[in-house]
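To start, the structure under review is shown below, and the notes come after it.
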Amino acid sequence: MTRRKSVRLQEIAERANVSIGTVDRVLHNRGRVSYETKAKIIGLVEELGYIHKNTRPCIKTVGVLCPRPEECHYWELPLRGIDKTAELLQSTGLTLKKVYFDAFCAEDYFQRGLELLNEHVDAVILTPLYRQESYKLVREMRKSGILYGFMDANFPELEPDYFVGQDAKNCGALVGGLIKYIMQPSEQVWVVNLSPGKRTSTNLQREIGAVDTLGHFFSHEQCIHVLDFPYAHLDRAAIFKKIEEQTKHLSKPRVVYVTNSRIKLIHEYFAEIGMAKGVIFIGHDPLPENISLLLDDKIDFLIAQDSVQQGSDILEGIWGILQKKVLLTKEKHHYSMVYTKDNIHGFLRNK
């Protein structure tokens with residue numbers, strides 16, 4: 001019997017291209033083994049029919065509460081990372097339940113969140129776009145003992161079990177440092193917040209980082225203009241009217257920095273009024289429409305983090321907590337990258 005077990009472990013190790021010791025650590029759930037390797041070994045264990053009491057996964061459900069990707073293609077990226085990691089972890093007992101909400105409606109965010117909590121989930125990954133509604137959802141999760149992690153945006157006071165996202169203030173500071181090499185003291189920069197309802201914490205932190213950095217080199221009153229254009233629906237004409245009303249007293253800017261992925265809409269406004277020429281446009285996220293603008297020399301810089309990896313990391317972190325693993329930190333920040341027409345091809349090759 002002992003000899004048979006040894007042979008089977010050897011076969012699993014060879015098929016997985018790992019040592020017998022690694023297989024043994026997975027079977028006894030001890031030591032550090034990557035999620036991908038663990039999933040591969042457990043898959044082989046099941047395929048070869050090797051029976052071990054510790055390989056029988058305990059089924060747990062992780063819920064995902066995310067804006068509808070068809071409303072903003074950005075969300076396709078972290079969801080792709082979540083799906084990829086969920087596939088790797090499926091044999092370890094993970095099931096995934098995704099619920100989408102209307103990013104323009106706080107009440108829909110809250111109601112879809114309650115719907116997800118009623119699915120008997122063990123943990124939830126959510127994008128907390130709305131502060132008060134997030135408070136209420138967190139209260140319900142704490143009552144039920146449900147773990148929760150935040151993705152992309154963070155409210156630290158809600159004490160998520162795990163957070164993965166950009167260091168937004170540092171990202172804004174990076175943009176501010178870039179702008180200081182472009183502008184002259186007599187010129188203007190517009191820092192534009194264009195988002196549904198109130199600004200998200202991510203947008204606000206990016207704004208703070210950029211403005212604080214620029215304030216060391218330029219006059220706040222004369223050069224730096226922060227403009228908020230909240231909207232309930234993505235109505236192009238209504239947004240353009242709002243921009244016109246708020247900027248009619250301002251001179252043409254040298255730089256326009258949009259703190260989220262909506263750079264296309266702002267560029268369209270400038271093009272429509274004949275003011276796009278000579279303006280440096282800086283936006284976020286390599287979405288298809290933004291990449292097209294970059295390649296066509298209509299915008300100049302895109303700031304991004306690895307959003308696909310962000311999705312992978314948040315699911316790995318929450319799953320690790322569910323598996324009683326000790327995480328070295330409760331936060332993981334993704335560093336910002338600056339893309340131009342010249343280096344965006346590297347992103348496209350690795351997409």
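The values are calculated or read from the model by the stated rules, or taken from the named source; none is laboratory data. Every value quoted in this text rests on a predicted model; they were computed, and no experiment measured them. All Cβ positions, glycine included, derive from the backbone under ideal geometry; neighbour counts span all protein chains shown.
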For this session: Please indicate, with yes or no, whether at least one residue in the stretch 37-45 is modelled with pLDDT of 90 or more and either under 16 Å from Glu316 (Cβ atoms) or part of a strand (DSSP E or B) (or both).
Result: no
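Given Asp300, Asp235, which one is surrounded by fewer than 22 Cβ atoms within 10 Å (Cβ to Cβ), out of contact with any Pro (no Cβ under 6 Å at 6 or more places or on another chain), of a type in the set (Asp, Glu) and within 19 Å of Arg206 (Cβ to Cβ)?
Answer to the selection: Asp300.
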Exercise. Filter the stretch 166-175 for residues that are among the small types (Gly, Ala, Ser) and crowded, with 24+ Cβ neighbours inside 10 Å; which is nearest to the chain's Cα centre (by Cα)?
Worked result: Ala168
For this session: Six or more apart or on different chains, Cβ under 8 Å: which pairs go from a residue in the stretch 151-173 that's basic (Lys, Arg) to one that's surrounded by fewer than 24 Cβ atoms within 10 Å (Cβ to Cβ) and part of a helix (DSSP H, G or I)? Could you list them?
Result: Lys169/Gln205; Lys169/Ile208; Lys169/Gly209
Exercise. Where in the stretch 251-333 are there strands (runs of 3 or more DSSP E), lying fully within it, with 2 or more residues that are β-branched (Val, Ile, Thr)?
Worked result: 255-258, 280-284
Exercise. Quick one: how many residues across the stretch 249-305 are under 20 Å from Glu76 (Cα atoms) and basic (Lys, Arg)?
Worked result: 2
Seminar exercise, completed: Subset of the stretch 94-142, residues assigned to a loop (DSSP other than H, G, I, E, B), of a type outside the set (A, V, I, L, M, F, W, C), surrounded by 15 or more Cβ atoms within 10 Å (Cβ to Cβ) and in contact with a strand residue (DSSP E or B) (Cβ under 7 Å, 6 or more places away or on another chain), comes to Asp122, Thr127, Pro128
Exercise. Counting only residues that are under 26 Å from Tyr130 (Cα atoms), of a type outside the set (Val, Ile, Thr) and modelled with pLDDT of 95 or more, which one in the stretch 247-268 is surrounded by the fewest Cβ atoms within 10 Å (Cβ to Cβ)?
Worked result: Lys264
For this session: Hey, can you tell me all the residues within the stretch 209-267 that are of a type in the set (Gly, Ala, Ser) and touching a Gly at 6+ places or on another chain (Cβ under 8 Å)?
Result: Gly209, Ala210, Ala232, Ser261
For this session: Give Gln111, Gln90, Gln132 a once-over and let me know the one that is modelled with pLDDT of 95 or more and of a type in the set (S, T, N, Q).
Result: Gln111
